[in-house]
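The values are calculated or read from the model by the stated rules, or taken from the named source; none is laboratory data. In this text, all values refer to a predicted model and were calculated from it rather than measured experimentally. We place every Cβ from the backbone using ideal geometry, glycine too, and count neighbours over all the protein chains shown.
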Amino acid sequence: MILTAFLTAAVLVASGGTATAAAPGTVAASDREVQFVSDGVPAYGTLHVPAHRAGARVPAALLIPGSGPTNRDGDEPPTVTPGTLKLLANALDQDGVATLRFDKYGTGRTGLGGLDPAALDLPTFTRQAVAAEQTLAKQPEVDRDEVSIVGHSEGGLQAMLVARRVRVKSLVLLAPQDLRLLDLLKIQLDAQVTAADQTALSKVITDFRAGRELDYTGMSTQLATFLQQAIFSPVNTRFVRSDDAVYPPSVARPGPRVLLTCGTQDTQVPCWTTSPLAAALRTLPRPLPVDHFQHAPGTRVNDQVLDPSVVTALRTFLEHR
């Protein structure tokens, strides 16, 4: 769950793309590959510009992916490919919104770029997202005063952190990380393990936060192996510690308009955890009948389709832009 990237300043370059036919006086919708660089390390993404009047500037949104090695489309190939961010870009296109989505370090074309994955932490991800937002805002088709951020899952926490550093019009937080990382992890795992595992897990989390050696005694082999390999491995420790140190409501700042959603079928970020974050943002959460990937109930993980309620929520929010 923990590969990512580091950027502090960005320059965008085009390297080809696709476009569709347009009516006279209209620029066709197009995708182009972009590159932004910091500290000599390039990151890559897709800039989508919707059809628009020639010479006009359009609103835009930066799309920030969730946790782990999640690429520009919202996928962790080859096993998890819901296409969440690509689908969001398509939906926003219908409302005339340009989008930039990018490959975090450790994913897609970007890769690690020579960075040590064990040295990456939450601020590293934030710096990358800030650079991406600054790059998007400089595009000739984009109205700088109409730039928003759309964050999914952990990307929702990143959206709030980025909004503390750059000027944005609005935030769209789709099932955002709304608790400390390990508190949310415990909620997820408690629903799947025995009472003995729950007790042992609480102790491991307490010990980790205190900087003590982790003792998996009393824990099932399956859970202990998962924690040792996926959460508390040496390559992940720095990131997990830095993310877990952040209580999302404490970094939420009222100001930009906010759409905050939760999924009534979401077992990763349940709706009942959202109230403190909503209060900090001075907004009300909008429950949607979806799972964590913004699917309708019963949809398979890799079915690339957004539930209509997600598209409607976006459209309603954008109508008040």
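Yes/no matrix, rows are residues, columns are (1) surrounded by fewer than 20 Cβ atoms within 10 Å (Cβ to Cβ); (2) touching a strand residue (DSSP E or B) at 6+ places or on another chain (Cβ under 7 Å); (3) among the aliphatic types (A, V, I, L, M):
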residue	(1), (2), (3)
L214	yes, no, yes
S220	yes, no, no
A230	yes, no, yes
S242	yes, no, no
G255	yes, no, no
L259	no, yes, yes
R286	yes, yes, no
G298	yes, no, no
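Check off (1) at pLDDT below 95; (2) β-branched (V, I, T); (3) out of contact with any Gly (no Cβ under 9 Å at 6 or more places or on another chain) for T99 and give me the number that stays unchecked.
It fails just one condition, (1).
Mind checking which residues of region 83-140 are under 17 Å from A29 (Cβ atoms) and polar (S, T, N, Q)?
The answer is N90, Q94, T99, Q139.
Pairs please, first residue from region 177-197 and surrounded by 16 or more Cβ atoms within 10 Å (Cβ to Cβ), second anywhere and among the acidic types (D, E), Cβ atoms under 7 Å, 6+ apart in sequence or on different chains.
Listed pairs, sorted by first residue: Q177/E154; R180/D244; L181/D243; L181/D244; L182/D244.
So how many residues does region 75-100 have that are buried (at least 24 other Cβ atoms within 10 Å of the Cβ), assigned to a strand (DSSP E or B) and free of Cβ contacts under 8 Å to residues at least 60 places away in the same chain?
2
In region 294-321, which residues are part of a helix (DSSP H, G or I) and in contact with an Asp or Glu (Cβ under 8 Å, 6 or more places away or on another chain)?
Listed by number, the residues that qualify are L314, R315, L318.
If you go through region 34-55 one residue at a time, how many are in contact (Cβ under 8 Å) with a residue 60 or more places away in the chain and closer than 16 Å to P140 by Cβ?
Adding up the residues that qualify gives 5.
Given the conditions (1) within 26 Å of A118 (Cα to Cα); (2) loosely packed, with under 14 Cβ neighbours inside 10 Å; (3) touching a residue at least 24 places away in the same chain (Cβ under 8 Å), and given that Y247 satisfies all but one, which numbered condition is not satisfied?
(2)
Could you please let me know if A131 is surrounded by 22 or more Cβ atoms within 10 Å (Cβ to Cβ), over 25 Å from H292 (Cα atoms) and in the same structural domain as A29 (by TED's automatic domain parsing)?
yes
Among the listed residues T126, T110, which satisfies the condition of being hydroxyl-bearing (S, T, Y), more than 13 Å from the chain's Cα centre (by Cα) and either farther than 26 Å from P297 by Cα or not assigned by TED's automatic domain parsing to the domain that holds L288 (or both)?
When all the criteria are applied, what remains is T110.
Please give the number of the condition P254 fails out of (1) within 16 Å of L185 (Cβ to Cβ); (2) free of Cβ contacts under 8 Å to residues at least 40 places away in the same chain; (3) not aliphatic (A, V, I, L, M).
It fails just one condition, (1).
So which of Q192, Q188 is at pLDDT 95 or above, closer than 17 Å to C262 by Cβ and not assigned by TED's automatic domain parsing to the domain that holds P270?
Q188
Report yes if T237 is farther than 26 Å from T274 by Cβ and either in a loop (DSSP other than H, G, I, E, B) or touching a residue at least 12 places away in the same chain (Cβ under 8 Å) (or both), otherwise no. It would help to see each step written out before you state the result.
On the way: farther than 26 Å from T274 by Cβ: yes; either in a loop (DSSP other than H, G, I, E, B) or touching a residue at least 12 places away in the same chain (Cβ under 8 Å) (or both): yes.
So T237 fits the description; yes.
Is there a residue in region 39-58 that is modelled with pLDDT of 95 or more, within 14 Å of the chain's Cα centre (by Cα), farther than 18 Å from Q128 by Cα and outside any helix (DSSP H, G or I)?
no
How about region 167-191: which of its residues are assigned to a loop (DSSP other than H, G, I, E, B) and over 17 Å from the mean Cα position of the chain (by Cα)? Explain how you work it out, then say what you get.
If we filter region 167-191 for residues that are assigned to a loop (DSSP other than H, G, I, E, B), which is where we start, we get 167-169, 175-180, 191.
Result: R167, K169, A191.
I'm trying to understand the selection: among the residues of region 96-142, which are under 20 Å from D244 (Cα atoms) and of a type in the set (A, V, I, L, M, F, W, C)?
A118, A119, L120, L122, F125, A129, listed by residue number.
Please go through (1) at pLDDT 95 or above; (2) buried (at least 23 other Cβ atoms within 10 Å of the Cβ); (3) farther than 19 Å from V162 by Cα; (4) not aliphatic (A, V, I, L, M) for R72 and return the number of the only condition it doesn't satisfy.
Here R72 clears every test but (3).
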